[in-house]
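Remarks on the structure that follows.
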Amino acid sequence: MIGLEHASTDRELLDALAQLVDDLDPMPVSLAARACSALGERTDALTLAPSFDSVRVEPLGPARRMAFAGLDLRLSPAAGGLDVTGTAAVGALVVARWPGGQVTAEVDAAGRFHVGRLPFGPVRFVLRGVDASGREHATPWFVA
């Protein structure tokens, strides 16, 4: 590795700075483990294709409406985050995931569910028990 004082190109300078940062402030082991877990989660679930997002039509509407194959969501502003109501297959479980947390809601006999106080930021919804395959179905990550 070339030291900062010997870097003669931009690439060498960037490599030397990256090495310095890695040496002085290495990535926490727990963060690396969570990143590996997140990558595994992304590849295990079947992706639900998005079909509608009200932000594209009505950016300043009172609630955001989103539709995916087999999942409809309504995200409404609430104190400290968002209230989410939606519809999915009867008997399924809906898991709302965000960095650092998750909450599970049951879909009732009418096909509805509710998740309260979802934090603003990146989120993903996962459906469990939708079909006989046993595989989870998940939305792509999006910013709520």
Got at least one residue in segment 85-105 being closer than 25 Å to SER30 by Cβ, in a strand (DSSP E or B), at pLDDT below 90 and not charged (D, E, K, R)?
-> no
Residue ID - nearest to ALA144 (Cα to Cα), chosen from residues in segment 106-122 that are part of a loop (DSSP other than H, G, I, E, B) and hydrophobic (A, V, I, L, M, F, W, C) | PHE120
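Yes/no per residue for (1) modelled with pLDDT of 85 or more; (2) in contact with a Ser or Thr (Cβ under 7 Å, 6 or more places away or on another chain):
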{"site": "THR9", "(1), (2)": "no, no"}
{"site": "LEU17", "(1), (2)": "no, no"}
{"site": "LEU24", "(1), (2)": "yes, no"}
{"site": "GLU58", "(1), (2)": "no, no"}
{"site": "ARG74", "(1), (2)": "yes, yes"}
{"site": "ALA78", "(1), (2)": "yes, no"}
Residue pairs meeting the criteria (Cβ under 9 Å; at least 6 apart or on separate chains; first within 24 Å of GLY100 (Cβ to Cβ) and without any contact (Cβ under 8 Å) to a residue 24 or more places away in the chain, in segment 18-31; second open to solvent by less than 100 Å² (accessible area, probe 1.4 Å) and assigned to a helix (DSSP H, G or I)) = MET27/ALA35
Exactly one of (1) among the charged types (D, E, K, R); (2) open to solvent by 60 Å² or more (accessible area, probe 1.4 Å); (3) in a strand (DSSP E or B) is unmet by ASP131. Its number?
-> (3)
Just give me the residues in segment 122-144 being touching a Gly at 6+ places or on another chain (Cβ under 9 Å) and within 20 Å of ARG64 (Cβ to Cβ), in sequence order.
-> PHE125, LEU127, VAL143, ALA144
Being surrounded by 15 or more Cβ atoms within 10 Å (Cβ to Cβ), more than 22 Å from SER54 (Cα to Cα) and among the aliphatic types (A, V, I, L, M) narrows ALA88, ALA105, ALA96 down to just ALA105
Report, by residue number, each residue of segment 114-128 that is among the aromatic types (Phe, Trp, Tyr) and open to solvent by less than 10 Å² (accessible area, probe 1.4 Å).
-> PHE125
Filter pass, ARG34 being assigned to a helix (DSSP H, G or I), under 30 Å from GLY129 (Cβ atoms), out of contact with any strand residue (DSSP E or B) (no Cβ under 6 Å at 6 or more places or on another chain) and at pLDDT 70 or above = yes
Output the residue which, of all residues in segment 134-144 that are over 22 Å from VAL90 (Cβ atoms) and among the aliphatic types (A, V, I, L, M), is most open to solvent (accessible area, probe 1.4 Å).
-> VAL143
Of the numbered conditions (1) in a helix (DSSP H, G or I); (2) modelled with pLDDT of 80 or more; (3) of a type in the set (A, V, I, L, M, F, W, C), ALA67 satisfies every one except a single condition; which is it?
-> (1)
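The values are calculated or read from the model by the stated rules, or taken from the named source; none is laboratory data. These numbers come from a predicted model, not from an experiment. In this analysis, Cβ positions are derived from the backbone assuming ideal geometry, glycine residues included, and neighbour counts consider all displayed protein chains. Surface accessibility is based on the protein's heavy atoms, side chains included, excluding ligands, DNA and RNA. Shrake-Rupley method; radii C 1.70, N 1.55, O 1.52, S 1.80 Å.
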